[in-house]
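K.L.:
Once you've had a glance at the structure underneath, I'll fire off some questions.
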Amino acid sequence: MSGRGLPLGLLLAALTACASGRPQRATRVDREQRVVADSEARTRWFATLYSLQRELATADLRRIEVLRPLQVMLCIPAEGSLARVGEVAQARLSHTGIGRAPTRLRRSLESEAALARWIETSARATGDTPQDDVLVALEETLRVVRTTPSGTLPPPRTATSAAPPPEPRCEPGAIEGTQGADGPAVLAQLVRVLRRSAAQAMIFERSVALANELRSLYPGISAGAPPALAAELRAADRALDGIRARATMFLHESSSTERWALALLTPEGEAGQEDAPRAAPEENGPIDDH
């Protein structure tokens, strides 16, 4: 074989090897798309799985957006620690005469109903609701009440429909904590952190519950399924493990941020209160609804 033919032969051999070892085309579940099955029960099961995949696809961005507006308001870099954010926020509040007060986060039946409506809508074949719209709607059902010496007063709230306030001036090289928004604006944003983290925790809590429910239904859904669905079911089985793990992680993180914000608003030595505290997710079963 000539010197020119040798590389060509090796190239052909390599292409043949690649073709023989080429992975099969990814399933619709792997591509995070809806699966229309042979029965209404299986189609709905796959639709719920898809809604969970879509929900978790933007979870990282939503997690960042919970604290980032407060960090910007306080002129704290994105990599600033949660403890540092708390210190600066407290300093800005006390600088303008806003003290801590016993704080309560109220969940209502309206909150649960709003969440249930979204769960129902997101599992249908049509009528998907944007995730941020869901968060805002759920967030608006949560109430934060602070008890002051003059009585119980609702804290300032950030109107979702109003234009965002101008960003504070953050001069490069300035001492951290000496610039940024004033106390009332910081208080309003801190309350929004509390409400939004609580709303996300509720969504992730239900995500864990739904993942557990799908897992419990899997034996019945897969039994007797046509061969055309075999690959999709195997992919769904794998996907469920990752979905539950990620949803659980985001639930714990959102709950931690919620407790942090509640403690930041409440005097030291007094625990922030919730009217309807959530139970921790069960390891091997669905979560009880409240």
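Laboratory data are not the source of any read-out in this text; all were calculated from the coordinates shown. Everything quoted here is computed from the prediction, not taken from an experiment. Every residue, glycine as well, gets a Cβ built from its backbone with ideal geometry; the counts of neighbours run over all protein chains shown.
K.L.:
Amide H of Ala37 versus every other amide H placed in the peptide plane: which residues, excluding those fewer than 5 positions away on the same chain, fall under 5 Å?
P.N.:
When sequence neighbours closer than 5 places are left aside, the close amide H contacts are Thr43.
K.L.:
Sorting Trp45, Trp260 on the 10 Å Cβ count, fewest up front, what's the list? Please list the in-between numbers first.
P.N.:
Details: Trp45 23, Trp260 19.
Ordered from fewest to most neighbouring Cβ atoms within 10 Å, Trp45, Trp260 come out as Trp260, Trp45.
K.L.:
Contour minus end-to-end for Val145 and Ser108, with contour as 0.36 nm per residue of separation and end-to-end as the Cα-Cα distance? Present the calculation step by step, with values, prior to reporting the outcome.
P.N.:
Values: separation 37, 0.36 × 37 = 13.32 nm, distance 1.33 nm.
This chain segment gains 12.0 nm when fully extended.
K.L.:
Same structure again: Using the Cα centre of region 221-274 as origin and beta-carbon charges of +1 (Lys, Arg) and -1 (Asp, Glu), tell me which of Ala247, Ala263, Pro226 is placed farthest towards the positive end of the dipole.
P.N.:
Working it through, the farthest residue towards the positive pole turns out to be Pro226.
K.L.:
Taking the mean number of other Cβ atoms within 10 Å as a proxy for protection, how do you rank 190-201, 51-62 from highest to lowest? Walk me through the numbers on the way to the answer.
P.N.:
Working: 190-201: 24.1, 51-62: 17.1.
Answer by packing, highest mean first, reads 190-201, 51-62.
K.L.:
Could you go through region 208-219 in sequence order and give the Karplus-derived ³J(HN,Hα) for each residue, using 6.51 cos²θ - 1.76 cosθ + 1.60 with θ = phi - 60°, rounded to whole Hz, and x for Gly and Pro?
P.N.:
My calculation for region 208-219 gives 4, 4, 5, 4, 5, 5, 4, 5, 5, 8, 4, x Hz in order.
K.L.:
For the ranges 84-93, 27-36, what's the packing order if you count other beta-carbon atoms within 10 Å of each residue, average per peptide, and put the highest first? Mind showing how you got there, number by number?
P.N.:
Details: 84-93: 19.7, 27-36: 15.4.
Result, highest mean Cβ count within 10 Å first: 84-93, 27-36.
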